[in-house]
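Input: a single structure, listed below in structure tokens.
The values are calculated or read from the model by the stated rules, or taken from the named source; none is laboratory data. The structure displayed is predicted, hence computed values, not measured ones. For neighbour counting, all protein chains shown are included, and Cβ atoms are generated from backbone atoms with ideal geometry for every residue, glycine included. Accessible surface is based on the protein model in full, side chains and every heavy atom, while ligands, DNA and RNA are left aside. Shrake-Rupley method; radii C 1.70, N 1.55, O 1.52, S 1.80 Å.
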Amino acid sequence: LLQQWKEEILNYAPTLGETFVLEICTHLIAKIKTETNEATLNQYAEMLIALSQHITVDERNSVVSQFMGCIINNNLSTRKVAISNLEKIKDLGQTIFKTSLNNITRDLCDKNPNEILSFKEAFVALLNFRGLWTDAEWEDLAGLVKRMLDLSNSEAIHAYGIELLKEIPHATKYSSDLTSELIVLAKSASSPKDKEESRKLLVDRKAMLD
């Protein structure tokens, strides 16, 4: 029904009243979290972003926060549509965007290393906005990388942990805290590539300190 009447709802949103528009937005958020068809999801997202212009700032902030939470939703299609609309969501409110971005980054970094490989696209998207991160987000990312580089994890997790480590600025204390994990991998990793990458990172970090 929402798809069928999309144009009509968007055209009449200004006269429908904030309460009714908010109800539609709430319903759209619920649909976005569970829908699997990407074409349908894109229509829902387009409609949600357009309708958000017609509700109060506080209500809009709630919509932005919920929509951005979809970046780490277990539904891959939901994650994709949230990621693809980040720039448009940012235009709805800079402050709530930054707050939500940082909260989601920290939530993602709290995940188990075994889950992380499924969220590579989410990390790429969040790292694109790293300029909005605070020390807390960098610290949480370093904590995740530390767990990923544990020798007991798989080669795939080690490799992605190393990839994420490269995103952490060399000069930060969070980067230097990972030296011991790199030393262990350089000596004992089962993958020759992981050994080599770990050694290179150790050399790079030593050069930065010299």
Identity of the residue in the stretch 115-157, buried (at least 18 other Cβ atoms within 10 Å of the Cβ) and among the β-branched types (Val, Ile, Thr), that ends up farthest from LYS88 (Cα to Cα): ILE157
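Okay, residues lined up against (1) of a type outside the set (A, V, I, L, M); (2) closer than 24 Å to ILE162 by Cα; (3) at pLDDT below 95; (4) over 14 Å from the mean Cα position of the chain (by Cα):
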residue	(1), (2), (3), (4)
LEU22	no, no, yes, yes
ASN37	yes, no, yes, yes
GLY69	yes, no, no, no
VAL81	no, no, no, no
Per-region count, the stretch 63-78, residues in a helix (DSSP H, G or I) and more than 13 Å from LEU28 (Cα to Cα): 7
Residue tally, condition open to solvent by 70 Å² or more (accessible area, probe 1.4 Å), part of a helix (DSSP H, G or I) and either polar (S, T, N, Q) or modelled with pLDDT under 95 (or both), over the stretch 104-114: 1
So ALA82, is it surrounded by 12 or more Cβ atoms within 10 Å (Cβ to Cβ), touching a Leu at 6+ places or on another chain (Cβ under 8 Å) and either of a type outside the set (Asp, Glu) or closer than 30 Å to ASN153 by Cα (or both): no
The stretch 17-29 residues that are farther than 10 Å from MET47 by Cα, paired with ones that are open to solvent by 30 Å² or more (accessible area, probe 1.4 Å) (beta carbon under 6 Å, 6 or more apart): VAL21/HIS54; LEU22/GLU59; ILE29/GLN66
